[in-house]
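> So that we are looking at the same thing, I have put the structure below in structure tokens.
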Amino acid sequence: MKRDYLKIDKVIGPLIQISDVDDVFYGEVVDIVDNITGKVKKGKVIKIEGKNVVIQVFQSTSGLAAGNSTIKFTGESFQLPMSLDLQGRIFNGIGEPIDNGSDVFSMVEANINGRPINPTAREYPRDFIQTGISSIDTLATLIRGQKLPIFSGNGLTHNELAAQIVKQAQLGDNVDEAFGIVFAAIGVKHDDENFFRKSFDEANVMDRVVMFVNYADDPVAERITTPRCALTAAEYLAFEKNMHILVVMTDITSYCEALREISSAREEVPSRKGYPGYMYSDLASLYERAGMLKDRKGSITLLPILTMPNDDITHPIADLTGYITEGQIVLGRDLFQRSIYPPVAVLPSLSRLMKDGIGEGFTREDHADVANQLFASYSRVQEVRDLSQIIGEDDLSDTDKKFMDFGRAFEAQFLNQAFDESRDILESLDLGWHLLSILPLSELDRLSPENIDKYFPKEK
Amino acid sequence: MAETEQHEGKGIISAINGPVIKGTNMTTFKMREMVMVGKNRLIGEVIVLDGNIGTIQVYEETEGLKTGEEITPTGRPLSLKLGPGMLKNMFDGIQRPLEKILEISPIFIPEGIGLMSIDEKKLWDVTISVKIGDVLLPGTIFGSVQETKVIENRLMVPPNISGKVIEVSPIGSYTINDVLVKIQDEKNEIHELKMAHEWPVRTPRPSAYRQETLVPLITGQRVIDIFFPIAKGGTTAIPGGFGTGKTITQHQLAKWSDADIIVYIGCGERGNEMTEVIEDFPKIIDPKSGQSIMERTVLIANTSNMPVAAREASIYTGVTIAEYFRDMGYAVAMMADSTSRWAEALREISGRLEEMPAEEGYPAYLPSRIAEFYERAGSFETLGGDEGSITIIGAVSPAGGDFSEPVTENTKRFVNVFLALDKNLAYARHYPAINWLESYSGYIKILSDWYEDNVAPDCISLRNKMLELLYEENKLQEMVMLVGEDVLPDDQRWVLEIAKIVKVGYLQQNAYDKEDTYVPLEKQYAMLKSIEYLYEKGRSGLKLGIPTSQLKDSDIFSQFIKMKYTIPNDDLSGIDRLKETVDIYYDELFKKYEN
Ligand SMILES: Nc1ncnc2c1ncn2[C@@H]1O[C@H](COP(=O)(O)OP(=O)(O)O)[C@@H](O)[C@H]1O
Ligand SMILES: [Mg+2]
């Protein structure tokens, strides 16, 4: 029988300290029961030093004081019941239902921290997912089982883009393959959560969505568990129930800020910008849960969204994410200001997995060439634009003028597309060729003669 | 192993903080001793001893651990089992085989699976080359095993033993734990020689002496082999922000380098990248041996989601394995992707120890750890009298892509080749995004004889000339950005045109193209030489007053840019034909102007 503890020594932000504790384990879940109301808050042991224990509380610690609560050690690690019935339900950041539905009952319980996937158990992801968005499908192709974040900025159209992907993405090869969506809202505004809920409704997928929601005004410490609960559900559905799961996670920035807050409460030595030195490993423990396995049919495709403070891609949150994920879709403020939707800044965007998922047999033989050429030419556009700022567009050479035209057309026709417009990949590639034909052939050094023969628009 | 006596000789866990735990009752423990922690017998290593209190870094997940549980000593430091069975396999940071772990636990890696290492049941056909009465010194080769199709594992007397042979087992099949030879040393002590022996990971293996490195590691990558060559036994850093091409470059080196043995360490990086290696490497044929490159490869994986303490160890595990093959007389190349994750692991452990941080939270001993690591590279005469080398190529992942951070800066001090990856080149899809202005190789001088003897007498001077051209282009580009290209005089515009061929047609090398992924030195040289030929042709034309616009024939230029794809690696006659085309075009053009 476990003892109850009545005395809290110290409350520091989301942490409480208690002393004279025996027989608890690292990571053990505790219930903190309000002596008057009987309300229970949950927490977890994050440090044991002799008989002193530090507990991270997942809900707000306000009101907690020395004598008003009882602390019960549960003898369990943080587990959630897993079942197909999770679908269509809404939970808070620690996995409690908030949709007035009943509790989920299941014999299967899973530790929300997961365990690292053995690299020899993985299968390298190679299946193309068509999102219907030209810039993504052509230039930063999404692959089933990939972790591909959206690097955005405050006020940009990342939510719309994520919603459009959810709506248009063809996750399964054919209709019988089960697919589902897991949505983790981490420190988001009620508006944003509402937007997603509406777009799931419109896409008619609400009964396939599992939602874990931590609102901006919810306790910060719960942000640490929100994505873990979501990924645990995703692992269950993908690897136990053979479903193709798309996990949308927003906003990683709020997650990292919560991590920083807890770290600073623990008085840890900070690394860059006050974020803890282990933030890389911590983020990896989330992102690396995406993937495909050799002997399971399902997959987890992970689409985290983060808002870069100051639009700065070198900020630790974006930086460490980019070091872990398999590429990134970067949104650009200047494109957004010019009303281009989706404002995908293609040059810093990258899909590391696209090389094996495109080309003959997957999309079309010319895909790699077209992508490379669009990148190279559009990167040249940036240089020409810089130059035209100085000497004026009129004084540019004839070739450079063509690059200016190409740049404008590329943004207006290729990048820009309607929120409800889905283009298939062949359409996008043809559009790419059409735009490239604005440039003189001698400038197109990434295209093979065979592809030029076959696809370069003849009449102009 | 029954645990009978209560706590006898065992430590008691008193504190737990992530991967770092403390124990009491540890006076009999030794510094750096390997220990088993708690009920689940997690593997750990003693990193601080202070009276009866010890601090341990744990190589497995510590969730579930309790104070009061026992810490069991093993009496030995964290060690590897060195013997046949490592090639073609992938191990975690402390040499546990990941395929075996998968058999124990599907999908996920659990904690508490215990120590394991190379296969102890497998039978190997052993040839023994010594006889009774022979005197064996440390490092002497006493037999061999054909470990893979291309690698003979030479069985060595461990570095710390010697003696006279008193017993030899008959030829036959044995496991790594069977006794093959017995020797008696001067103190009449008898030592059993087996296929495998243990070696502590943190102790460099001894060699006879260090030699100068005079041979390049041929990688088949133009920008490296011609512009910034790596010496066998040398040290190289590849720093770059995310997405600039560190991993692809490391993969390319692992695939195509002409080393005998490759040790590839995925240190704190993506799981899928290791999966890719396991799926792809077996299919790639080594141009040297004609066999799959896996036959010569050892893989170490501590992916970013695996325990952080084992990440710290993975680097040492890798380099110790490299030294083991070096001691057999092999040229070993070792890739570590990424050394920054190792440094961060040091930082994390240091933080949990509450040590005084130096720069950016890194411990003050970061520079000395980096130095010690890279110093394990080199060309050596082995104890057995052979020549062996270790080339270390470390990727560096600077925070924010900024090379002025501590890991990049301190690495730069201890390596001789610096391949600086450039975000802007990567954005423009110029791969490999190795910035030719910032990168350098400290081996040009000592390798120039080799290049002159083995490639072409003018190989290095050609390289220098083309590098100068690129420097000049850079200066001119700055001017172009101010006034536009049209204003430049013709000779400078010609430099820009040729530099473009060098950049697009030569420095860019597509890792995913069948022909271009690996290019033999002859072709590397011939390509550059032909570009120089075009350059000089144009310069003669300029002297005749021919404008650049006339000198640049877009068809010829496009042939130059595409020659890497169109001219097969094994038939360079196309380059001669290209030169002929150049001759015909320019002779005609010059005639027009001469008249
Ligand atoms: N030599 C190359 N050839 C073709 N593509 C490359 C090459 N080097 C890098 N790339 C591209 O750049 C992407 C990122 O490279 P990677 O090595 O994973 O970067 P890093 O390890 O620095 O984050 C790859 O997915 C690939 O698309
Ligand atoms: Mg990498």
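> Quick check on my filter: what residues within region B:59-91 are within 14 Å of chain A (Cβ to nearest Cβ) and not in a loop (DSSP other than H, G, I, E, B)?
Hits for region B:59-91 are B:Lys66, B:Met90, B:Phe91.
> Write out, first by first residue and then by second, each pair whose Cβ atoms fall under 8 Å of each other, whose residues are 6+ apart or on separate chains, and whose first residue, in region A:111-135, is without any contact (Cβ under 8 Å) to a residue 60 or more places away in the chain while the second is part of a loop (DSSP other than H, G, I, E, B) and among the β-branched types (Val, Ile, Thr).
These pairs meet every condition: A:Arg115/B:Ile109; A:Asn118/B:Ile107; A:Asn118/B:Ile109; A:Pro119/B:Thr303.
> Looking only at residues that are more than 9 Å from every other protein chain (Cβ to nearest Cβ) and assigned to a loop (DSSP other than H, G, I, E, B) in region A:295-327, which one is nearest to B:Gly245 (Cα to Cα)?
A:Met308
> So, one more: B:Ala309 is checked against (1) among the small types (Gly, Ala, Ser); (2) within 16 Å of ligand 2 (Cβ to nearest atom); (3) open to solvent by less than 10 Å² (accessible area, probe 1.4 Å) and fails just one. What number does that condition carry?
(2)
> Would you mind finding the one in B:Ser540, B:Ser549 that is part of a helix (DSSP H, G or I), within 14 Å of another protein chain (Cβ to nearest Cβ) and farther than 21 Å from A:Ser448 by Cβ? Break it down stepwise before answering.
On the way: B:Ser540 fails: within 14 Å of another protein chain (Cβ to nearest Cβ).
The conditions single out B:Ser549.
> Still on this structure, please answer the following. If B:Gly266 passes every condition in (1) within 14 Å of chain A (Cβ to nearest Cβ); (2) closer than 22 Å to B:Leu437 by Cβ but one, which one does it miss?
(2)
> If you don't mind, there's one more thing I want to ask. Name the single residue, out of those in region A:111-134 being among the polar types (S, T, N, Q) and facing chain B (nearest Cβ under 7 Å), that is surrounded by the fewest Cβ atoms within 10 Å (Cβ to Cβ). Show your work before the answer.
If we filter region A:111-134 for residues that are among the polar types (S, T, N, Q), which is where we start, we get A:111, A:113, A:118, A:120, A:130-131, A:134.
Retained after the next criterion (residues that are facing chain B (nearest Cβ under 7 Å)): A:113, A:118, A:120.
Details: A:Asn113: 18, A:Asn118: 27, A:Thr120: 22.
Per the criteria, the residue is A:Asn113.
> Can you name every one of the helices (runs of 4 or more DSSP H) wholly within region A:157-235 that holds 3 or more residues which are among the β-branched types (Val, Ile, Thr) and either touching a residue at least 60 places away in the same chain (Cβ under 8 Å) or touching a Pro at 6+ places or on another chain (Cβ under 8 Å) (or both)?
Answer list for region A:157-235: A:222-235.
> Looking at region B:254-273, can you tell me whether even one residue there is on the phi > 0 side of the Ramachandran plot and more than 16 Å from ligand 2 (Cβ to nearest atom)?
no
> For region B:394-417, name all the residues that are more than 13 Å from ligand 1 (Cβ to nearest atom) and in a strand (DSSP E or B).
Once the filter is applied, which keeps residues that are more than 13 Å from ligand 1 (Cβ to nearest atom) and in a strand (DSSP E or B), region B:394-417 yields only B:Val417.
> A further question follows. Taking A:Val330 as the residue in question, decide whether it is within 11 Å of another protein chain (Cβ to nearest Cβ) and closer than 26 Å to A:Phe410 by Cβ.
Yes: the conditions hold for A:Val330.
> Still on this structure, please answer the following. For region A:367-382, name all the residues that are surrounded by fewer than 17 Cβ atoms within 10 Å (Cβ to Cβ) and facing another protein chain (nearest Cβ under 8 Å).
Within region A:367-382, no residue meets the criteria.
> Pick from B:Ile94, B:Ile118, B:Ile56: which is part of a strand (DSSP E or B) and touching a strand residue (DSSP E or B) at 6+ places or on another chain (Cβ under 9 Å)?
None of the others qualify; the one that does is B:Ile56.
> Is region B:263-286 home to any residue that is more than 30 Å from B:Glu405 (Cα to Cα), in a strand (DSSP E or B) and open to solvent by 40 Å² or more (accessible area, probe 1.4 Å)?
Scanning region B:263-286, I find at least one residue that is more than 30 Å from B:Glu405 (Cα to Cα), in a strand (DSSP E or B) and open to solvent by 40 Å² or more (accessible area, probe 1.4 Å), so the answer is yes.
> To continue, here is another question. Testing B:Gln250 on (1) more than 11 Å from ligand 1 (Cβ to nearest atom); (2) open to solvent by less than 10 Å² (accessible area, probe 1.4 Å); (3) under 17 Å from the mean Cα position of the chain (by Cα), one condition comes back false. Which one is that?
Answer for B:Gln250: the failing condition is (1).
> Residues being more than 14 Å from chain A (Cβ to nearest Cβ) and either farther than 21 Å from B:Ile224 by Cα or open to solvent by 10 Å² or more (accessible area, probe 1.4 Å) (or both): count how many of those fall in region B:390-412.
3
> Sticking with this structure for a sec: Which of the following residues is more than 25 Å from A:Phe419 (Cβ to Cβ) and more than 9 Å from every other protein chain (Cβ to nearest Cβ): A:Arg352, A:Arg364?
A:Arg364
> If you don't mind, another one. Tell me, which residue of region A:424-441 that is more than 33 Å from the chain's Cα centre (by Cα) and in contact (Cβ under 8 Å) with a residue 40 or more places away in the chain is surrounded by the fewest Cβ atoms within 10 Å (Cβ to Cβ)?
My answer is A:Pro440.
> Additional query: Looking at region A:442-460, which of its residues are open to solvent by less than 40 Å² (accessible area, probe 1.4 Å) and either in contact with a strand residue (DSSP E or B) (Cβ under 7 Å, 6 or more places away or on another chain) or without any contact (Cβ under 8 Å) to a residue 60 or more places away in the chain (or both)?
Of everything in region A:442-460, those that are open to solvent by less than 40 Å² (accessible area, probe 1.4 Å) and either in contact with a strand residue (DSSP E or B) (Cβ under 7 Å, 6 or more places away or on another chain) or without any contact (Cβ under 8 Å) to a residue 60 or more places away in the chain (or both) turn out to be A:Ile452, A:Phe456, A:Pro457.
> Provide a single number: the residues in region B:422-465 that are in a helix (DSSP H, G or I) and of a type in the set (D, E, K, R). Working first, answer last.
First, the residues of region B:422-465 that are in a helix (DSSP H, G or I): B:423-427, B:444-454, B:459-465.
Keeping just the survivors that are of a type in the set (D, E, K, R) gives B:423, B:445, B:449, B:452-453, B:463, B:465.
Matching residues across region B:422-465 total 7.
> If B:Pro229 passes every condition in (1) more than 14 Å from ligand 1 (Cβ to nearest atom); (2) part of a loop (DSSP other than H, G, I, E, B); (3) open to solvent by 10 Å² or more (accessible area, probe 1.4 Å) but one, which one does it miss?
(3)
> In addition: Assuming B:Ala336 fulfils every condition listed in (1) under 28 Å from B:Val519 (Cα atoms); (2) more than 16 Å from ligand 2 (Cβ to nearest atom); (3) away from chain A (no Cβ under 12 Å) apart from one, which condition is it?
(2)
> Shifting gears a bit: Determine whether region B:209-224 contains at least one residue that is away from ligand 2 (no atom under 13 Å from the Cβ), in contact with a Gly (Cβ under 8 Å, 6 or more places away or on another chain) and not in a loop (DSSP other than H, G, I, E, B).
So far as region B:209-224 goes, yes, one or more of its residues are away from ligand 2 (no atom under 13 Å from the Cβ), in contact with a Gly (Cβ under 8 Å, 6 or more places away or on another chain) and not in a loop (DSSP other than H, G, I, E, B).
> Working only within region B:354-389, note down all residues that are within 11 Å of another protein chain (Cβ to nearest Cβ) and among the aromatic types (Phe, Trp, Tyr).
The one that is within 11 Å of another protein chain (Cβ to nearest Cβ) and among the aromatic types (Phe, Trp, Tyr): B:Tyr362.
> Take A:Arg333 and tell me if it is open to solvent by 20 Å² or more (accessible area, probe 1.4 Å) and within 15 Å of ligand 1 (Cβ to nearest atom).
no
For (1) among the basic types (Lys, Arg); (2) open to solvent by 40 Å² or more (accessible area, probe 1.4 Å); (3) more than 20 Å from B:Tyr593 (Cβ to Cβ), each residue gets a yes or a no:
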residue	(1), (2), (3)
B:Asn510	no, yes, yes
B:Thr517	no, no, yes
B:Pro520	no, no, yes
B:Gln524	no, no, yes
B:Lys529	yes, yes, yes
B:Tyr533	no, yes, no
B:Ser540	no, yes, no
B:Thr548	no, no, no
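> On to the next question. Which of the residues spanning region A:206-245 are basic (Lys, Arg) and surrounded by fewer than 24 Cβ atoms within 10 Å (Cβ to Cβ)?
Here is the first cut: in region A:206-245, the ones basic (Lys, Arg) are A:208, A:223, A:228, A:241.
Hits for region A:206-245 are A:Arg208, A:Arg228, A:Lys241.
> Within region B:432-489, take every residue that is open to solvent by less than 60 Å² (accessible area, probe 1.4 Å) and within 16 Å of ligand 1 (Cβ to nearest atom) and give me the one that is farthest from B:Asn510 (Cα to Cα).
Applying the filter and picking the extreme gives B:Ser439.
The values are calculated or read from the model by the stated rules, or taken from the named source; none is laboratory data. All of these numbers come straight from a predicted model, not from anything done at the bench. Virtual Cβ from ideal backbone geometry, glycine too; neighbours counted across all protein chains shown. Just so you know, the surface numbers come from the protein's heavy atoms only, side chains and all, with ligands and any DNA or RNA stripped out. Shrake-Rupley method; radii C 1.70, N 1.55, O 1.52, S 1.80 Å.
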